[in-house]
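A short write-up of the structure that comes next.
The values are calculated or read from the model by the stated rules, or taken from the named source; none is laboratory data. This structure is a prediction, so every number in the text was calculated from the model and none was measured. In this analysis, Cβ positions are derived from the backbone assuming ideal geometry, glycine residues included, and neighbour counts consider all displayed protein chains. Calculation scope for accessible area: heavy atoms of the full protein, side chains included, ligands and nucleic acids excluded. Shrake-Rupley method; radii C 1.70, N 1.55, O 1.52, S 1.80 Å.
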Amino acid sequence: QVQFVESGGGLVQAGGSLRLSCAASGSTFGHNGIAWYRQASGKQREWVARLLDGGSTNYREFVKGRFAISRDNARNTVYLQMNSLEPEDTAVYYCNFVSLPWAYWGQGTPVTVSS
């Protein structure tokens with residue numbers, strides 16, 4: 001069973017940057033790729049960025065041009081570079097497979113953007 005461990009979150013001022021890391025244990029192939037998700041307080045979890053197995057990337061409109069997802073295969077780690085952060089980006093960020101079945105959800109890494 002693959003496990004994901006997220007890290008890199010924190011408190012940042014609006015306009016700042018953070019880089020999140022998602023370390024995976026075990027093979028992550030066969031689920032169409034890895035995605036970053038986020039869940040703000042009182043809201044449903046939503047996907048933010050996806051890195052598909054073929055190497056292409058998808059972004060939600062509200063992060064396009066500000067966030068970038070990438071992968072280091074040697075480290076079995078996926079990153080989310082977040083620039084020009086906005087208070088609306090405040091949430092707990094998680095990584096998991098693009099497609100079902102998902103692995104167990106990790107604890108995520110909290111991101112707080114102050115105005």
All positions within segment 63-86 that are surrounded by fewer than 13 Cβ atoms within 10 Å (Cβ to Cβ) and either at pLDDT 95 or above or assigned to a loop (DSSP other than H, G, I, E, B) (or both): Lys64, Gly65
Single unsatisfied condition, Gly42 versus (1) at pLDDT below 95; (2) open to solvent by 70 Å² or more (accessible area, probe 1.4 Å); (3) small (Gly, Ala, Ser): (1)
Total residues in segment 54-91, condition in contact (Cβ under 8 Å) with a residue 60 or more places away in the chain, of a type in the set (A, V, I, L, M, F, W, C) and more than 13 Å from Gly15 (Cα to Cα): 1
Residues being over 11 Å from the mean Cα position of the chain (by Cα) and either open to solvent by 60 Å² or more (accessible area, probe 1.4 Å) or farther than 25 Å from Gly54 by Cβ (or both) - total across segment 92-105: 5
